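K.L.:
Shown below is the structure under consideration.
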Amino acid sequence: MIVGKVVGIVVATRKNSNLLGSKFMIVEPLKEMNSQGGRIVAVDNVGAGIGEIVLVALGSAARIGCDMENAPVDAAIVGIVDHSVGLMDE
């Protein structure tokens, strides 16, 4: 799981049938967590918005975390951070 900031939205009108109705967000992992090598696209079914800090599950945990076991999902926003200590301190 990583912590990141939602920086954008992806709109895909044509997609796999298992992804119909899904919302996609662009997430930039925080500096401390940036082992992924850049921004990622994550399915969002918790209602995150641009600028929010979120928890993102990766791999098979993403499919389970967003209840989409049969969908081609590799990243899913599974939580919105309300408060953290030390995480974003510069």
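K.L.:
Rounded to whole Å and sorted largest first, list the principal axis extents of the Cα atoms in the chain.
P.N.:
Here the Cα extents, ordered largest to smallest, are 42, 25, 23 Å.
K.L.:
Now, a different point. Could you check the spin-label model distance between residue 20 and residue 83? Points 7 Å from the Cα along Cα→Cβ, value in nm.
P.N.:
Output for this residue pair reads 4.3 nm.
K.L.:
Something else now. Within 10 Å, count the other beta carbons around each residue, average over each peptide in 70-78, 8-16, 57-65, and list them highest first.
P.N.:
The most tightly packed comes first, giving 70-78, 57-65, 8-16.
K.L.:
Additional query: Would you mind getting the accessible area per residue of the chain, heavy atoms of the protein chains only, 1.4 Å probe, in Å²?
P.N.:
60
K.L.:
Roughly how many percent of the accessible protein surface of the chain is carbon and sulfur, given a 1.4 Å probe and a whole-percent answer?
P.N.:
Working: 2730 of 5400 Å².
Carbon plus sulfur share of accessible area: 51 percent.
The values are calculated or read from the model by the stated rules, or taken from the named source; none is laboratory data. Please read these numbers as outputs of a predicted model, since none were measured by experiment. Glycine also receives a Cβ, built like all others from the backbone with ideal geometry; neighbour counts cover every protein chain displayed. Quick note on the areas: whole protein, heavy atoms, side chains included, nothing else; ligands and nucleic acids left out. Shrake-Rupley method; radii C 1.70, N 1.55, O 1.52, S 1.80 Å.
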